[in-house]
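The values are calculated or read from the model by the stated rules, or taken from the named source; none is laboratory data. Just so we're clear, the structure is a prediction, and the values are computed from it rather than from any experiment. We place every Cβ from the backbone using ideal geometry, glycine too, and count neighbours over all the protein chains shown.
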Amino acid sequence: MRQIIFSFVMLLCFLAQPRLVWAEAQSFQDKIPADLLQSDHRFLTLTLENDMFASSSDQNYTHGTRLTYFDVGMDSPDILAALDCVLPFFTFNETTSVAYSIGQNLYTPENIKTRNPDPNDRPYAGFLYGSAGFSTVNADTIDSLELTLGVIGPWSLGETVQEAVHDFVGADDPSGWAHQLDNEVGVIVSWQRNWPEIYAADFSDYHMRVSPHVGLSLGNIYTYGSSGVTLQLTPKKYQWQSPPMRVRPSIPGNGFFAVPDHHFAWSAFIGLDGRAFARNIFLDGNTWKDSASVDKKPFVGDLSGGISVAYGAAQISYSVNWRSKEFDGQDEPSLFGAVSVGYRF
């Protein structure tokens, strides 16, 4: 993994060397064109993550679906004004945008053919959820706050969805869902701070940015702290593109892209994210009931790389994601792909 990161950075440095000009010393907020900060652009993004998009496996985190409506110019609900004074780590202002999502995640053990799953492998689990999120542009940061409410267990419809998909594509029948985690209502409150252009450079017709981030999630589904960095390369005249939307927990991205109608643009990115877990219900098992569980690893890392292409108001992205082992006894790290399709209107 270190060799991949080093090679990528060295390649960008080599390309940048002939005509490298570091971005002017001004705040990130000042760099953004005023028409983008005050725009009323809306984005609808469908994200699909699946291990079969990157490998032939069907295990661990096997599938994730997330549909997000992201409104850059939408006014925040009035009730949020009262929260502004009690949330020192988040500010609501004229740049605050709103996003609403619905999604479902599926988790399975390595062997899905047996009716009695290996007790030393991760349990079957589904997570069906909805979320509301807010993002604010400050001088040099983008802060995000998201509240997620959902259910695990049979209420999540994980068995129904996976069996229907497997019947449709002719894959093996997942036989062990009778042993999935029990029904439980889940809550997650997530906060993230991203420094979008703490290091940025223009060279030739290209723009490169290095964006570190930190985050914290609290709840009975997930409780963890995270930090990482994303390296992104775009055409200079179409530099206002974010990495694609992903399913939590993940490397950050909101799917924003500012590409004029009938114009083509692209974005390449590679990111790292490390998480320290206090709780992961999909490994620890139900909160208030005895259930299947495994011993989770407290530290998990992600390495992700991919590309987005946009034409006017439409964008499609693909990334490959490597995730380190999440529990004791896991045979190998997870490898899965992510596809996002976004439309601006």
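Of everything in the stretch 138-165, what is over 12 Å from Asn105 (Cβ atoms), under 19 Å from the mean Cα position of the chain (by Cα) and not acidic (Asp, Glu)? Give them in sequence order. Thr141, Ile142, Ser144, Leu145, Leu147, Leu149 - these are the residues of the stretch 138-165 that are over 12 Å from Asn105 (Cβ atoms), under 19 Å from the mean Cα position of the chain (by Cα) and not acidic (Asp, Glu). Output the residue which, of all residues in the stretch 166-190 that are surrounded by 15 or more Cβ atoms within 10 Å (Cβ to Cβ) and aliphatic (A, V, I, L, M), is nearest to Pro123 (Cα to Cα). So, considering only residues that are surrounded by 15 or more Cβ atoms within 10 Å (Cβ to Cβ) and aliphatic (A, V, I, L, M), the one nearest to Pro123 (Cα to Cα) is Leu181.
Any idea how many residues of the stretch 194-207 are assigned to a strand (DSSP E or B) and either under 21 Å from the mean Cα position of the chain (by Cα) or more than 19 Å from Asp30 (Cβ to Cβ) (or both)? Adding up the residues that qualify gives 3.
Surrounded by fewer than 15 Cβ atoms within 10 Å (Cβ to Cβ), assigned to a loop (DSSP other than H, G, I, E, B) and of a type outside the set (Lys, Arg) - does that describe any residue in the stretch 124-140? Yes, because at least one residue in the stretch 124-140 is surrounded by fewer than 15 Cβ atoms within 10 Å (Cβ to Cβ), assigned to a loop (DSSP other than H, G, I, E, B) and of a type outside the set (Lys, Arg). Per this entry, Gly158 is counted among residues that are more than 30 Å from Glu94 (Cβ to Cβ), in contact with a strand residue (DSSP E or B) (Cβ under 6 Å, 6 or more places away or on another chain) and surrounded by 18 or more Cβ atoms within 10 Å (Cβ to Cβ).
Going by the conditions given, is Tyr124 among the aromatic types (Phe, Trp, Tyr), modelled with pLDDT of 95 or more and closer than 21 Å to Asn286 by Cβ? Against the criterion (among the aromatic types (Phe, Trp, Tyr), modelled with pLDDT of 95 or more and closer than 21 Å to Asn286 by Cβ), Tyr124 qualifies.
Within the stretch 204-212, identify whether any single residue is surrounded by fewer than 21 Cβ atoms within 10 Å (Cβ to Cβ), of a type in the set (Val, Ile, Thr) and farther than 25 Å from Leu87 by Cβ, and answer yes or no. Yes, because at least one residue in the stretch 204-212 is surrounded by fewer than 21 Cβ atoms within 10 Å (Cβ to Cβ), of a type in the set (Val, Ile, Thr) and farther than 25 Å from Leu87 by Cβ.
Sort out which residues of the stretch 215-244 are assigned to a loop (DSSP other than H, G, I, E, B) and either in contact (Cβ under 8 Å) with a residue 60 or more places away in the chain or surrounded by fewer than 18 Cβ atoms within 10 Å (Cβ to Cβ) (or both), and write them in order of number. Full working, then the answer.
Taking the stretch 215-244 as the starting set, the residues that turn out to be assigned to a loop (DSSP other than H, G, I, E, B) are 220-221, 239-240, 242-244.
Asn220, Ile221, Trp240, Pro243, Pro244, listed by residue number.
When residues in the stretch 311-327 are screened for being out of contact with any Lys or Arg (no Cβ under 6 Å at 6 or more places or on another chain), among the aromatic types (Phe, Trp, Tyr) and more than 18 Å from Ile251 (Cβ to Cβ), 1 of them pass.
Just one of the listed residues (Ala265, Ala276) is at pLDDT 95 or above, part of a strand (DSSP E or B), more than 29 Å from Tyr206 (Cα to Cα) and small (Gly, Ala, Ser), and it is Ala276.
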